[in-house]
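Report on the following structure.
The values are calculated or read from the model by the stated rules, or taken from the named source; none is laboratory data. On a predicted model such as this, the values are computed, not experimentally measured, just so you know. Cβ sites come from the backbone with ideal geometry, for glycine too, and all protein chains shown count toward neighbours.
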Amino acid sequence: MIISKHIEQSLRKRLAKTEGGIKAAAALGGISERAAQKVIRFENVTQPTYDAFCEGLTRLERAEADRKIDNERKASRVAA
């Protein structure tokens with residue numbers, strides 16, 4: 001599978017913004033950390049592996065955003 005530089009940069013930026021990192025994205029996508037590292041290095045990656053990693057990364061971003069919102073709500077309740 002051929003991945004463009006734009007997609008590569010986008011994935012790296014998204015991953016860098018997460019707290020869980022590659023290990024959490026891999027787990028949430030149902031693939032091994034090693035397979036996820038291959039996706040990031042773009043080494044002989046199959047479409048299903050790439051799709052699973054992207055899904056895991058999206059789930060991680062969503063979970064972290066939800067957790068941040070919950071923490072902000074809790075903090076505002078404590079402050080009130």
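Filtering segment 1-21 down to residues that are of a type in the set (Gly, Ala, Ser) and loosely packed, with under 11 Cβ neighbours inside 10 Å, which residue is nearest to residue 37 (Cα to Cα)? Before the answer, list the steps.
Keep residues of segment 1-21 that are of a type in the set (Gly, Ala, Ser), which gives 4, 10, 16, 20-21.
When the remaining residues are screened for being loosely packed, with under 11 Cβ neighbours inside 10 Å, the result is 4, 16.
Numbers: 4: 17, 16: 14 Å.
Taking the candidates together, the pick is 16.
Within segment 38-62, the residues that satisfy the criterion of being surrounded by 15 or more Cβ atoms within 10 Å (Cβ to Cβ) and either in contact with an Asp or Glu (Cβ under 7 Å, 6 or more places away or on another chain) or over 14 Å from residue 3 (Cα atoms) (or both) are 42, 52, 55, 56, 57, 59, 60, 61. Here the condition is being under 14 Å from the mean Cα position of the chain (by Cα), closer than 19 Å to residue 64 by Cα and modelled with pLDDT of 95 or more; of 11, 28, it holds for 28 alone.
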